[in-house]
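Coordinate-derived values only; no laboratory data. Keep in mind that this is a model prediction, so the values were computed, not measured. Neighbour counts run over all protein chains shown; Cβ positions are idealised from the backbone, glycine included.
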Amino acid sequence: MDKCIKCGSSWEDDDWYFDSWECEGDTVWKRITCNKCGFAWNCVYTFSHHEDADTLEVLPDNERVNNE
């Protein structure tokens, strides 16, 4: 997404406010506000897989390491 879904203002216009990330379980979201028209929405992402940090190879769940 590179523009406001209501008024069409582009990212390049610098009229945006981004809240910090929030998360719950396997879902994270960030609230985005277009300062030009005032419309706000959440961009929501759902965790899908683990990747090796060096190779970006997708790892099966049984190969992941819990570093908590």
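Please work out the FRET efficiency for the pair Asp54 and Cys23, using the Cβ-Cβ distance as r and a Förster radius of 25 Å; give the result to the nearest 0.05.
So, using R0 = 25 Å, E works out to roughly 0.50.
What value in Å³ per residue do you get for the convex hull of the alpha-carbon atoms in the chain?
In the chain, the Cα hull volume divided by residue count equals 131 Å³.
I'd like the Karplus ³J(HN,Hα) series for the range 44-57: coefficients 6.51, -1.76, 1.60, θ = phi - 60°, whole numbers in Hz, and an x wherever there's a Gly or Pro.
10, 10, 10, 4, 10, 6, 9, 10, 5, 5, 8, 9, 6, 5
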